[in-house]
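The values are calculated or read from the model by the stated rules, or taken from the named source; none is laboratory data. What you see is a predicted model; the values in this text were computed from it and never measured. Glycine also receives a Cβ, built like all others from the backbone with ideal geometry; neighbour counts cover every protein chain displayed. Quick note on the areas: whole protein, heavy atoms, side chains included, nothing else; ligands and nucleic acids left out. Shrake-Rupley method; radii C 1.70, N 1.55, O 1.52, S 1.80 Å.
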Amino acid sequence: MARSRPSSNRWRYINPAYYLKRPKRLALLFITFVCITLLVWDRQTLIREHEEEVSKVNEEVIRLQNLLEELKGGQGISDEKRSSSAKNSGLTKRKDVPDDPIDVQRGERVKDAMAHAWSSYEKYAWGHDELQPQTKNGVDSFGGLGATLIDSLDTLYIMGLDEQFLRAREWVANSLDFNKNYDASVFETTIRVVGGLLSAYDLSGDKVFLEKAKDMADRLLPAWDTPSGIPYNIINLAHGNAHNPGWTGGDSILADSGTEQLEFIAISQRTGDPKYQKKVENVIAKLNETFPSDGLLPIYINPHRGTTSYSTITFGAMGDSFYEYLLKVWIQGNKTAAVKHYREIVGSSLIDKMDELACFAPGMIALGSSGYGPDEAQKFLSLAEELAWTCYNFYQSTPTKLAGENYFFNAGQDMSVGTSWNILRPETVESLFYLWRLTGNKTYQEWGWNIFQAFEKNSRTESGYVGLKDVTTGVKDNMMQSFFLAETLKYLYLLFSPSSIIPLDEWVFNTEAHPLKIVSRNDEKENFGASDGQRKPTLRSHARKEGRFGDN
């Protein structure tokens, strides 16, 4: 028995009672356990950080390889890559190649950004128009219409954020109320609310969205009841009283009056009621009566006479989306004779100031290259690429790598920032998306990725995304604009997605980046089956899978 005692002594160390009687040894054992745990955890952390660093290095290698290819091919974007687009005077749908792992990874990063922006809105500003991330509260910038929520519907759907989409859908069905004593902007309400709801309907097929879109369109319709048919730009949603802002001297604004065609034509096509389309197409018919030979209109229009006044001509604020919609209604109408007059507008202008807002123009020009012969199409595409290079350099020229609101150009000097704030605008990314889709040139993806990283570095906060008061100092503001979720993040996501997701020959984006299904217009008389017994146009739907849909 005595010889077995040492063995018994050894086994006592695994007996809990031994330590309970000796607190100091219990404490020593606990400290030893904690140290071993920390050592293992630190090792795992180092491995994870190493993997992340390797991933970043791989991305940088790919970026440098792309830059090297461009340098070998000549200045800027190589002619060889340019020639892959606009063949035979039409838009060509690129054949998809197997998913690039880098594109997939970047798309997931953008999706994560959307999830962060949305969860912040959901937590701090649910049902309000916009989130103020710094103070963590919601504000009603558009009369309490849930602008960010409606603007985000199609982005959530496209990215496959299904649970978030369903929660938003329930709010639309049960809480969205348009009967408000609020003087709404006809333009902003059309592109955000009507456009957002229509897009959600076209994507999901859920009729609750179409019913709500029609409700809002009916409330906006009295704005077009003017002697000329040029709409007033403000209307009370509850009472239907329409007027123009006092600061315009009673005039209507060009962009505000000519940027409802896509949405109201779509409402007519989907409901079978022609009244919406007639109202908005009459605007273009009226302007066409006295359209200037250079194709450029002043920004103020008299709603009583339908004539323009001597005022600024610009592709920037108050003019921009009018020109955008002339092209997009032609695309929406399947480029048929019924919409030929939308395209027959030409002109040129030289100015020394450019808004970042005008950076939608490269994408518009690239889209518009369709319909020309090969040489003309290439000329317009080259112009689009040169303009996109300028817009990208708006970002690259500042310390934060985010663009200011506008820039000035002076002979013999570099461009300079005018207004230096950045409010998370999408226009440059929008053009990069179109150029990527039309050319297959990965340079545009690299530019978009650099812009996204600048947003992540300078605009992301713990409770959403904010703009900058100054792109030089990086001082933050306190607003997450609804279009950041509707446009900026959506275009960035699509920039890294296959072209079968929202193919450009089947969908057209409104000016708030809400994709609407293209429905053919075969002749001058529209087929509105619900009103005259003729066949109602049908929308082809596609199955969804993991945030993607289209022809897979």
Report summary line: Here the tail fraction of P(r) beyond 14 Å, over all Cα-Cα pairs of the range 182-236, rounds in percent to 54 percent
Query raised in the report: Compactness ratio of the range 121-228: Cα Rg over 2.2 N^0.38 Å, N = residue count?
Result: 1.08
Report task. List, in the order given, every pair from Lys136/Lys212; Lys214/Lys278; Lys111/Lys517; Lys123/Lys457; Lys180/Lys278; Lys212/Lys275 whose Cα-Cα distance in the structure shown is over 19 Å. Result -> Lys136/Lys212; Lys111/Lys517; Lys123/Lys457; Lys180/Lys278
Query - Whole-Hz couplings from phi, Karplus 6.51/-1.76/1.60, listed for the range 487-496; x for Gly and Pro - result: 10, 4, 6, 5, 5, 5, 4, 5, 4, 10
Report summary line: Carbon and sulfur atoms account, in whole percent of the 1.4 Å probe accessible area of the range 114-158, for 47 percent
Query raised in the report: Among 249-262, 127-140, what's the highest-first ranking by average C-beta atoms within 10 angstrom per residue?
Result: 249-262, 127-140
Report task. Tell me the GluC sites (Glu not before Pro) within the range 443-525 that lie in a loop according to DSSP and have at most 13 other beta-carbon atoms within 10 Å. Result -> Glu462, Glu524
**Report entry** Karplus-derived 3J(HN,Hα), 6.51/-1.76/1.60, for each residue of the range 149-159, Hz, glycine and proline x
**Finding:** 4, 5, 4, 8, 3, 6, 5, 4, 5, 4, 7
Query raised in the report: For the range 438-505, what is the largest minus smallest coordinate of the Cα atoms on each principal axis, given in angstrom and ordered from greatest to least?
Result: 40, 23, 17
Report task. Run through all the Cα pairs of the range 350-507 and give the fraction in each 10 Å bin from 0, expressed as whole percent. Result -> 11, 39, 34, 14, 2, 0
Requested in this report: Using only C-alpha atoms and all pairs of different ones, pull out the Kirkwood radius for the range 362-451 in Å with one decimal.
Outcome: 13.9 Å
